[in-house]
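Presented below is the structure to which this report refers.
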Amino acid sequence: MIRISAALLSMVLLLGAMTARAQLTIEITQGVDNPTAIAIAPFAWQGAAAVTEDVADVIQGDLARSGQFDPVDRNDMLGRPSTEQEVFYRDWRAISAEYLLIGRVSGSEQLRIEFELFDVNRQAKVFAAVESGPASEVRMLAHRVSDQVYEKLTGIRGAFATRLLYVSVTRNPSGKDYYRLTLADSDGARPIVLLESREPILAPNWSPDGKQIAYVSFETNRPAIFRQDLNTGQREQLTNFKGLNGSPAWSPDGNSMAMVLSKDGSPDIYIMDLASKRLSRITQHYAIDTEPVWMPDGNSLLFTSDRGGRPQIYRYDLRSGSTERVTYEGVYNARARVAQDGRNMVVVHQSNGRYHIALHDLLTNRMQVLTSTDLDESPSIAPNGSMVLYATKSGDRGILAAVSVDGGVKFSLPAREGDVREPAWSPYLSR
Amino acid sequence: MKQLPVVGKALTLLFTAAFLVACSGSDTKESEDAAAAAAAAAAAAQQEAERSAAQQAADAQRRLADAAMEAGTIFYFDYDSSSLKPQAQAALDAHIALLKTNDRSVRLEGHTDERGTREYNMALGERRANSVRDYMVVNGIASYRIETVSYGEEQPIAYGSGESNWSQNRRVELK
């Protein structure tokens with residue numbers, strides 16, 4: 001993040017004022033039946049740097065959002081320990097906390113967060129660890145603490161230290177709308193507008209290393225696929241074909257990109273080698289073939305096609321060149337996304353005229369509808385496979401919402417202004 | 001354009017008449033005067049024929065333009081369909097008639113309602129724009145004059161849900 005180009009920097013500064021209103025807030029609507037009660041004592045701030053963030057509050061928000069934890073209200077705490085010597089288990093048993101997390105923040109430009117997790121019932125320390133990094137990234141450091149605590153207590157790798165892309169649209173009744181492509185932390189904080197346009201922006205997508213993004217922009221009055229480096233801000237227009245230029249999807253090895261082009265007639269799936277820009281045509285059918293996504297092993301592509309009459313998910317095997325239909329349940333299944341395990345696939349599923357997010361198990365071919373909202377679309381799975389972020393409608397406004405892959409946990413992320421849509425959850429990010 | 005052959009024929013006749021008049025006389029003054037008068041008459045007649053033809057062409061053009069304007073530039077579609085409805089065909093016929101009198105290029109923008117996924121709708125919007133383009137090409141408009149772009153569900157006319165809004169958004173706009 002040090003080599004931010006002058007152009008991107010000025011764009012960020014220019015747009016700094018408008019980021020606040022695009023910020024998302026979180027409202028948890030449903031959690032698990034018996035969430036784990038955890039107390040997160042305010043972290044002691046011992047550093048020379050001014051206090052900029054409430055680290056414990058960031059961690060508390062993360063764990064609450066997972067739906068699997070019920071953080072203890074800070075006002076109910078009988079003490080504020082920040083070292084092991086200050087921990088009195090009876091104070092925490094008294095308020096029915098099962099676990100206690102304490103921590104200390106020190107340093108100035110480089111921060112060091114030491115933290116310790118205790119099992120209140122067993123009266124024992126579970127583990128202690130340290131996270132360190134630049135002070136400007138203190139929220140990301142706090143998310144990394146959340147990741148460690150979450151993994152220790154659930155056995156599942158945490159995905160809090162990740163980021164989101166989304167598109168927001170501010171309607172302008174007297175003229176053209178404003179489209180914005182925004183990058184934010186996984187909790188919606190620290191939104192940065194990457195691109196603003198009076199023409200549509202859609203289909204944001206991450207490179208597998210999380211360092212680049214791809215999207216479709218109509219800024220040339222026609223759809224074109226762009227890629228953008230998040231560190232340098234450098235942009236490159238990848239396509240400018242007649243007709244559709246859509247659905248960019250990075251291959252797992254990062255070397256190529258699947259996309260939809262209709263330059264040869266009907267919409268078909270192509271793969272572009274990103275170094276040579278050479279295209280290979282994958283599908284050749286008069287029907288609509290769109291929304292390609294790679295299986296995590298890189299050996300096959302899933303895509304949406306209405307070759308059977310209505311949109312359904314198909315799989316193209318890149319080794320054999322064979323195509324098979326994947327979904328049969330319901331009249332409409334589209335825009336697949338696959339978890340890293342290669343087994344859980346989420347789709348937009350229509351039943352009884354309503355559009356929901358459904359989970360399709362690629363091993364058993366069983367489908368489970370996860371959402372009860374309507375006009376749900378654009379599902380995106382967290383890199384640890386635990387949660388699905390998607391776009392839906394609340395009244396007349398587009399909002400983001402999330403549901404756990406078992407359907408047990410739900411929360412929404414309403415924005416203060418405009419329509420929010422097309423969330424794309426980043427992969428795990430390297431430090 | 002259709003008036004031009006008529007004008008051509010009239011002119012040919014006039015010139016032939018003037019030539020015959022000019023040739024029929026001897027080298028007398030009278031015959032020269034007569035030839036000059038005939039030539040002047042021919043020129044006047046030619047001007048009148050041209051003016052009248054231009055007027056007729058302008059009138060015809062205006063009638064076509066009025067008809068096209070009355071037909072509107074938005075053509076609506078049924079849900080998940082790219083089939084042209086009869087009223088859309090009738091409206092397009094008016095535009096096709098007008099386009100045959102000029103060399104304008106047009107842009108067809110395909111749109112869908114908000115239901116279903118964005119990228120599928122992008123493809124559906126293109127299918128709708130192509131269906132209008134194909135109808136125009138079959139009826140004599142060269143395909144190089146027609147550009148098609150799909151906006152999918154990104155640019156609704158009517159915000160909000162429900163068929164009353166959706167039906168306004170499933171459309172192709174001629175620009």
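The values are calculated or read from the model by the stated rules, or taken from the named source; none is laboratory data. Just so we're clear, the structure is a prediction, and the values are computed from it rather than from any experiment. Positions of Cβ are generated from backbone atoms using ideal geometry, with glycine treated the same way; all protein chains shown enter the neighbour counts.
Things worth noting here:
- The range A:365-378, subset outside any strand (DSSP E or B) and touching a strand residue (DSSP E or B) at 6+ places or on another chain (Cβ under 7 Å), residue farthest from the other protein chains (Cβ to nearest Cβ): A:Leu370
- Restricted to the range A:357-390, and to residues there that are free of Cβ contacts under 8 Å to residues at least 40 places away in the same chain and among the aliphatic types (A, V, I, L, M), the residue that is surrounded by the fewest Cβ atoms within 10 Å (Cβ to Cβ) is A:Leu363.
- Test: A:Glu137 is in a strand (DSSP E or B) and either touching a Pro at 6+ places or on another chain (Cβ under 8 Å) or in the same structural domain as A:Val51 (by TED's automatic domain parsing) (or both): no
- Only residues that are more than 11 Å from every other protein chain (Cβ to nearest Cβ) and crowded, with 21+ Cβ neighbours inside 10 Å were counted across the range B:134-168, and they come to 1.
- Index of the failed condition, A:Ile201 passing every other in (1) in contact with a Lys or Arg (Cβ under 9 Å, 6 or more places away or on another chain); (2) within 14 Å of chain B (Cβ to nearest Cβ); (3) at pLDDT below 95: (3)
- Residues considered: B:Tyr151, B:Tyr144. Of these, the only one that is part of a strand (DSSP E or B) and of a type in the set (Phe, Trp, Tyr) is B:Tyr151.
- Condition met for A:Ser305 (assigned by TED's automatic domain parsing to the domain that holds A:Met367 and under 14 Å from B:Asn121 (Cα atoms)): yes
- Meets criteria (in a helix (DSSP H, G or I), closer than 21 Å to A:Ala334 by Cβ and either in contact with a helix residue (DSSP H, G or I) (Cβ under 8 Å, 6 or more places away or on another chain) or more than 9 Å from every other protein chain (Cβ to nearest Cβ) (or both)) for B:Arg128: yes
- Put simply, of A:Asp306, A:Asp253 the only residue that is within 10 Å of chain B (Cβ to nearest Cβ) and not hydrophobic (A, V, I, L, M, F, W, C) is A:Asp306.
- Restricting attention to the range B:70-84 and to residues that are away from chain A (no Cβ under 14 Å) and among the polar types (S, T, N, Q), the residue that is surrounded by the most Cβ atoms within 10 Å (Cβ to Cβ) turns out to be B:Thr73.
- Single residue of the range B:104-125 satisfying the filter (more than 9 Å from chain A (Cβ to nearest Cβ) and among the hydrophobic types (A, V, I, L, M, F, W, C)) that is farthest from the chain's Cα centre (by Cα): B:Leu108
Each row is one residue, and each column tells you yes or no for (1) under 25 Å from B:Arg145 (Cα atoms); (2) buried (at least 16 other Cβ atoms within 10 Å of the Cβ); (3) in contact with a helix residue (DSSP H, G or I) (Cβ under 8 Å, 6 or more places away or on another chain).
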| site | (1), (2), (3) |
| --- | --- |
| B:Gln47 | no, no, no |
| B:Ala53 | no, yes, yes |
| B:Arg62 | yes, no, no |
| B:Ala68 | yes, yes, yes |
| B:Pro86 | yes, no, no |
| B:Leu99 | yes, yes, yes |
| B:Gly110 | yes, yes, yes |
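- Filtered residues of the range B:55-86 (kept if more than 30 Å from B:Asn165 (Cβ to Cβ), of a type in the set (A, V, I, L, M, F, W, C) and modelled with pLDDT of 90 or more): B:Leu64, B:Ala65
- Residues in the range B:142-160 that are in contact with a helix residue (DSSP H, G or I) (Cβ under 6 Å, 6 or more places away or on another chain) and over 21 Å from B:Tyr120 (Cβ atoms): B:Ser143, B:Ile146.
- Whichever residue in the range A:175-189 is in a strand (DSSP E or B) and out of contact with any helix residue (DSSP H, G or I) (no Cβ under 7 Å at 6 or more places or on another chain) and, among such residues, is nearest to A:Val58 (Cα to Cα): A:Ala184
Residue by residue, here is whether (1) of a type outside the set (A, V, I, L, M); (2) more than 11 Å from chain B (Cβ to nearest Cβ) holds:
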site: A:Thr290; (1), (2): yes, no
site: A:Leu302; (1), (2): no, yes
site: A:Val331; (1), (2): no, no
site: A:Ala336; (1), (2): no, no
site: A:Gly342; (1), (2): yes, yes
site: A:Val348; (1), (2): no, no
site: A:Arg354; (1), (2): yes, no
site: A:Leu363; (1), (2): no, yes
